[in-house]
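Working notes, beginning with the structure itself.
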Amino acid sequence: VDLGRVLAARSVISVLPWGDAAERERSMRMAAQIPQAVVPEQFELHTMASLLAGARVVVGTDTGLTHLAGALGVSVVGIYCATDPAATGLYGCARAANLGGINAAPTGDDVVAAIRGVMT
């Protein structure tokens, strides 16, 4: 939510996709706290790929969507809290950053700095 607010102050709209009912509910709660955030309808993978391909930057946890964004050449920041980016990080991507690690979540400031780094 903090990151979404920082991005909104910079005229970046947060899109909060989801895969199941629990994720949708979490996305809705987050969107209610982030100016102009969007919770889209559930997408099939090819539609999600099109959305990611048009993004200015993708920030996400260790999921297939962050890896897909990197494969599409989008600037991407991976946030790791429960997994080791050395094992499952965003590698082979032209504009990617891996932050955090097992029990070592990055700060919001770390994420904002990484976004700036991958978008230059």
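The values are calculated or read from the model by the stated rules, or taken from the named source; none is laboratory data. Predicted, not measured: the structure shown is a model, and the values here were computed from it. Using ideal geometry, Cβ is built from the backbone for each residue, glycine included, and neighbour counts are taken over all protein chains shown. Surface areas here come from the heavy atoms of the whole protein model, side chains and all, with no ligands, DNA or RNA. Shrake-Rupley method; radii C 1.70, N 1.55, O 1.52, S 1.80 Å.
Residues in the range 27-36 that are surrounded by fewer than 14 Cβ atoms within 10 Å (Cβ to Cβ) and under 15 Å from the mean Cα position of the chain (by Cα): how many?
Within the range 27-36, residues that are surrounded by fewer than 14 Cβ atoms within 10 Å (Cβ to Cβ) and under 15 Å from the mean Cα position of the chain (by Cα) number 0.
Would you say Gly117 is exposed (fewer than 14 other Cβ atoms within 10 Å of the Cβ) and not aromatic (Phe, Trp, Tyr)?
Yes, satisfied.
The residue list Thr107, Thr83 contains one member that is of a type in the set (S, T, N, Q) and at pLDDT below 90, which is Thr107. Looking only at the range 11-19, decide whether some residue is closer than 20 Å to Val118 by Cβ, loosely packed, with under 14 Cβ neighbours inside 10 Å, modelled with pLDDT under 95 and out of contact with any Lys or Arg (no Cβ under 6 Å at 6 or more places or on another chain). Within the range 11-19, one or more residues are closer than 20 Å to Val118 by Cβ, loosely packed, with under 14 Cβ neighbours inside 10 Å, modelled with pLDDT under 95 and out of contact with any Lys or Arg (no Cβ under 6 Å at 6 or more places or on another chain). Does Gly4 satisfy the criteria of being on the phi > 0 side of the Ramachandran plot, under 16 Å from the mean Cα position of the chain (by Cα) and not in a strand (DSSP E or B)? Answer is no for this residue. Inclusion of Thr120 among residues that are in contact (Cβ under 8 Å) with a residue 12 or more places away in the chain and of a type in the set (S, T, N, Q) is not warranted. Among the residues of the range 37-66, the one identified as touching a residue at least 24 places away in the same chain (Cβ under 8 Å), open to solvent by 70 Å² or more (accessible area, probe 1.4 Å) and among the polar types (S, T, N, Q) is Gln42.
Considering only residues in the range 75-85 that are under 20 Å from Arg116 (Cβ atoms) and open to solvent by 10 Å² or more (accessible area, probe 1.4 Å), the one that is farthest from the chain's Cα centre (by Cα) turns out to be Pro85. Residues of the range 89-107 being touching a Gly at 6+ places or on another chain (Cβ under 8 Å) and open to solvent by less than 40 Å² (accessible area, probe 1.4 Å), which ones? Matches in the range 89-107: Gly89, Leu90, Cys93, Ala96, Ala97, Leu99, Pro106.
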